[in-house]
Amino acid sequence: MSSRATSGQSPRFLPLGALAAGFGLLGADALAQSAPTAPAPSASAARETTLKPISVKARAETDKDSVRATTSTIGKGVQELRDIPQSVTIVTDKLIQDRRIDTVKEALHQTAGITFQAAEGGEEDIRLRGFSLATTGDIFVDGVRDPAFYDRDVFSFDRVELLRGSASMLFGRGSTGGVVNQVNKVPLLTNVNEVTATAGSGSYLRGTGDFNFKLDETSAVRFNTMFTTADNFGNKIDKQGIAPSFRFGIGTPDEVTLSLYALQNRNGINYGIPWLRVAAASANPSGLVGISPRNDYGAASDYNAGSATSGTVDYVHRFAGAGRLHAVVRNGYYDRDQRASTIRFCVRTTNGAGVVTNPDCPAVQPTQSTINDATPLVRGTNNKVQDLHTTYGQTDYSNAFQILSMRHAVLGGIDLANEKFRGYSVAALPAGVVLDKNAPRPTLGRPNDGTSVDEGQRIKRIASDFDADAFGAYVQDLVQIAPAWKVLAGLRWDHFHGTYRSFSTATSAALPVIGTETAIRSRTDTPWSKRAGLLYQPTDDASFHFSYGTSFNTSGDTYQYDTQTVNTPPESSRNLELGAKVDLLDGKLSVRGALFRSTKLNERNRDPDSAAEANLLSGKRHSAGVELDLAGRVTPKWEVYGSYAWTPVARIDVGAPGSVPGVGEGKGTRSSLTPRHSGTIWSTYQIAPQLRFGAGLNARGSQTPNRNPAGIVAPTFVTGDVLAEYTPTDQIAIRLNVLNVTDKLYADSLYTGHYIAGQPRTVYVSLAARF
């Protein structure tokens, strides 16, 4: 990785681009545009091989007051970022406050390479490096899986961490893209309370409270609360949350944290706007319908209601020396009731008898040249009602010791999981009842028309349930083989068993709530996952790494099996990464860079043979690119945060059976939801002791929605945000935030038939008081 240094000379390093060529991370066309890195500083004359102790309390306080983080909990326990041989981007509490972030989705907008798919059921599928971060497999809270569909609010979080690349060795089943970890605030040995009230556009009102009380020298309690309400131009927000926690034994060998999380909401739901073509021919590039995202075309009776409730017991025992045993148990209940209207342009249709069923609609879809306020729309129905009960137990042991002059940092553990998912049908109606959301006919020029139906009349029946049990065991060792060199190796084995039942949901009023069982299907998967890395750390301010990791996801990750998926083994993926992390300006500014190549080796595809008993694991795709992050202070008054991703390669190598090369998702096409360029930059400056200003940009290149429909492209966009903060005292802060200052219209979440526009220009005023 470096040339051998002679006496009195600094070691020289090959450019990252040249190294990437050797490892095959990027193609020659991409490397031609890569800039070499600067030479690394010389190695210290004497290096400390003892692992440094890390104070959790200090970390939490530091990250609250800075956009820069130096440690992470995403790798099972607290680790220095320089010792993690994968890219990690952290959105700290300070950045959450500065950029007016309410939800985890908004936090992920501050991390480059992230895109969002607006899925059929209203839930959003996150994409990273061109691959899915599935809600059911890649989102965690304090390292414990968080698989439910609900409105994830950040009111109780200290930070949001994003680990890029394959991570099944640590977390078990999951996809290729990476892992999102939400880190809760914990009780601290201090008395600090903070209350924030915010008012904004769209009748927005939000209040949060963070109350921390020291009980004695080893225990404390903390209460985080939130309420948010808004008309939001028809797509209302109505949610409340509370997260109390009690921590005792702080600073002693045995520490316990008991916590509860409860969130409920009854929000509106925006299902987006259909794509609009330039002309009738499908090959023409698409455009966005030029209407404000403040317009809502759903029915007034649409809603997205849900709740999330979980209780957690967290125990840590610290042995004499460096040994540490950590165990956690979490029990959670989640429910969701969504009544949504899919919005499409209304086109004339005929029934089986040849009779036109909607004569008020035109014979063809509108184009950009023919659309007007009178263009008729049709509201479809996409309802989802489901609940989920989860129980997780996991324990890990870590220790650091020396054998034969080599320093080892060992991590191992086991985890258990049980997930019970139940889906309901609400399609049936009582005899004679008709719910028509298209009377009167909605039109483009008449949003928020107030049309409403009685959703309570729908008959709720169980349609399916899925019961999954999982067990995983893993071990990892980080070995310091020389003063500046470390090697990481890890291995994991998983056992996943799922049983799926489906039930009849016929519209007969005589059918019971639990209908006749129509199918029962089960399968068991036992895959292995691997992780390896090489770290070179010539100084305390510089760390370079090369890593390899694998991941897998089962056909039961969506809580269902059909006749083919029940016989289909897991997909597998791998990630290669060459990266560096360097601290500058006496450690006040951190810079991270990485070259990556992520590959899904055997993508699941439907076998076109109607008699087939299993899906084909025949597909293959990969992506490769460059990622850069920076965070910290340039001067005591000037703070910056940035995240950028360039993904020149995102290619389908083997398409689905029957696909046409170069078309849709055929061989050779670019993977959907993967812009070449994406990123964010944020900067604040303290122009006076009581006055601070900030400004930033969010940008994303053009991209296509899932399935790459011909001619559909979401255009490039750049939006800007500003902040003004006035602090008359150390206890009071008044903030003015303006998001999307130019009121840019852009597609934020994409789906084959529609897009959901990003947030319009929005103004917020906040008052925060600390006491």
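The values are calculated or read from the model by the stated rules, or taken from the named source; none is laboratory data. Since the structure is predicted, the reported quantities are computational estimates derived from the model, not experimental observations. Glycine also receives a Cβ, built like all others from the backbone with ideal geometry; neighbour counts cover every protein chain displayed. What goes into the accessible areas is simple: the full protein's heavy atoms, side chains included, and nothing from ligands, DNA or RNA. Shrake-Rupley method; radii C 1.70, N 1.55, O 1.52, S 1.80 Å.
Entry note: segment 117-198 has Rg to Rh equal to 1.05, where both radii use alpha-carbon atoms and Rh is the Kirkwood radius.
A compact globular protein would have a Cα radius of gyration near 2.2 N^0.38 Å; the ratio found for segment 121-277 is 1.24.
When Rg and Dmax are taken over the Cα atoms of segment 423-497, they come to 28.1, 80 Å. Annotation for segment 62-97 versus segment 384-451: alpha-carbon center distance of 25 Å. Sorting 745-754, 604-613, 378-387 by their mean Cβ neighbour count within 10 Å, with the most densely packed peptide first, gives 745-754, 378-387, 604-613.
Give me Rg over Rh for the chain, both radii from the alpha carbons and Rh done the Kirkwood way, two decimal places. The partial results should precede the final answer.
Numbers: Rg = 26.6 Å, Rh = 27.7 Å.
For the chain, the value is 0.96.
Using the alpha-carbon positions of segment 362-519, Rg (one decimal) and Dmax (whole number) come out as 28.1, 82 Å. Reported value for segment 441-579: 243 Å³ per residue, from the convex hull of its C-alpha atoms.
Using a 1.4 Å probe on the protein chains only, how many percent of the accessible area of the chain belongs to carbon and sulfur? Walk me through the numbers before you get to the answer.
Numbers: 18040 of 31120 Å².
About 58 percent, which is the carbon plus sulfur part of the accessible surface.
A probe of 1.4 angstrom, applied to the heavy atoms of all protein chains, finds residue 203 with accessible area near 80 square angstrom. Largest first, the three principal axis extents of the alpha carbons in segment 534-589 are 60, 21, 11 Å in whole numbers. Its alpha carbons considered, segment 699-771 gives a radius of gyration followed by a Dmax of 17.9, 58 Å. Protection proxy ranking for 428-436, 475-483, using the average of other Cβ atoms within 10 Å per residue and placing the highest first: 475-483, 428-436. Accessible-area rank, largest first, for 68, 277, 336, 770: 770, 277, 68, 336, with all protein chains present and a 1.4 angstrom probe. Annotation: per residue accessible area for the chain equals 40 Å², rounded to a whole number [probe 1.4 Å, protein chains only]. For the chain, the relative contact order comes to 12 percent (Cα pairs under 8 Å, sequence separation of at least 6). Estimated from helical segments only, the mean residue ellipticity of the chain at 222 nm is -1000 deg cm²/dmol, where each DSSP H run of four or more residues counts as -39500 (n - 2.57).
With every protein chain left in place and a probe of 1.4 Å, what is the accessible surface of residue 500, to the nearest 10 Å²? Approximately 20 Å² for this residue.
May I ask which of 236/437; 581/620; 105/600; 105/236; 76/420; 384/530 have a Cα-Cα span longer than 27 Å here?
Correct reply: 581/620; 384/530.
Of all aspartates and glutamates in the structure, those lying under 15 Å Cα to Cα from residue 94, and not within fewer than 8 positions of it along the same chain, are 61, 63, 65, 102, 106, 158, 161, 194, 210, 639, 725.
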